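Just below is one structure, and these are the notes that go with it.
The values are calculated or read from the model by the stated rules, or taken from the named source; none is laboratory data. Source: prediction; values computed, not measured. Using ideal geometry, Cβ is built from the backbone for each residue, glycine included, and neighbour counts are taken over all protein chains shown.
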Amino acid sequence: MDAPAALRVMSFNIRGAVHADGANAWPNRAALNVATIRRHAPDLIGFQEAQQGNLEAYRADLPDYEVRQGPRYDNAEPHAYAVIAWRPARLAIIASGGCWLSRTPERFSADWDTACVRVAHWARFRPAAGGAEFLHLNTHLDHVSEPARVEGAALILRQLAGLAPADLPVIITGDFNCRPGSPAYRLFTDAGFADAHLAAGNADRGAHTFHGFKGAGFVPWDDGGPVRIDWVLTRGLAVRSCAIGRDEAPPLYPSDHYPLLAELAPGA
């Protein structure tokens, strides 16, 4: 019997379209960004920081994908979105929703000294060719407040407890703005989530996902080790592979983060 087809999952902080990034302003890197997504050919994507200019390019140049924005975040317009995108040829969506990471998750709000309004966006899928359903949650935690990251992670886990019964596989993608081993990370691993990067046998040495448009020349601003702040986490699925996509054409980069691409399959 053939092995179940792997699901190709990408997590990608794409850097919003409105920033004054010099050579790497969105109009200059949009084609490279789109080409990166096409080359890796994910079935399911969690985008962070997506703004309308990014989404216009995706809707025009990635016609094989359906795109769902979810709740808006950031403090003011132009808002960003933790977008979920997928190939309808591979996946059928069943339901979706989202919340704000605060004490009032049902409305646009911020808490715990967060610098920005933050969100989680989820969707439940079934394989188009048949097979077990799963839930995908995409998020972007705060870049300043550790209490906000910890409380946001705890809120996500509480939300998942109501959305996903114990036997439903779950995938989490996101920019978590903290390193492996941090308090927010440990909340997820203590809840039974596997870090796909490590589960695939990768080491953390040199494993930057944020690079600030410097690519291989990036040097961490502190002595805390690799800046691997973007993760694919999974529970109830087997990790076949996981890689950091170091696509670049210096001085152009698809984003100030590298994407992650994980191959996941049924079975823990």
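Worth a mention:
- Only one of Ala191, Ala164 that is of a type outside the set (Asp, Glu), over 30 Å from Leu32 (Cβ atoms), without any contact (Cβ under 8 Å) to a residue 60 or more places away in the chain and touching a helix residue (DSSP H, G or I) at 6+ places or on another chain (Cβ under 9 Å): Ala191
- Inside the stretch 25-44, residues that are surrounded by 19 or more Cβ atoms within 10 Å (Cβ to Cβ), out of contact with any helix residue (DSSP H, G or I) (no Cβ under 7 Å at 6 or more places or on another chain) and assigned to a helix (DSSP H, G or I) make up a count of 4.
- Meets criteria (on the phi < 0 side of the Ramachandran plot and in contact with an Asp or Glu (Cβ under 8 Å, 6 or more places away or on another chain)) for Leu168: yes
- Within the stretch 211-227, the presence of a residue that is under 16 Å from the mean Cα position of the chain (by Cα) and under 24 Å from Asp43 (Cα atoms) is excluded.
- Scanning the stretch 221-254 for residues that are touching a residue at least 24 places away in the same chain (Cβ under 8 Å), part of a loop (DSSP other than H, G, I, E, B) and either in contact with a Phe, Trp or Tyr (Cβ under 7 Å, 6 or more places away or on another chain) or farther than 13 Å from Thr36 by Cα (or both) gives Gly224, Gly225, Pro226, Val227, Arg228, Ile229, Gly236, Gly245, Arg246, Pro250, Pro251, Tyr253.
- A residue that is among the aliphatic types (A, V, I, L, M) and buried (at least 21 other Cβ atoms within 10 Å of the Cβ) cannot be found anywhere in the stretch 199-218.
- Selection within the stretch 148-172 - more than 21 Å from Met10 (Cβ to Cβ), touching a Gly at 6+ places or on another chain (Cβ under 8 Å) and buried (at least 20 other Cβ atoms within 10 Å of the Cβ): none
- Selection of first residues in the stretch 145-158 that are within 19 Å of Thr234 (Cβ to Cβ) and of a type in the set (Val, Ile, Thr) and of second residues that are assigned to a helix (DSSP H, G or I) and modelled with pLDDT of 95 or more, restricted to Cβ pairs under 7 Å at least 6 apart or on distinct chains, gives an empty result.
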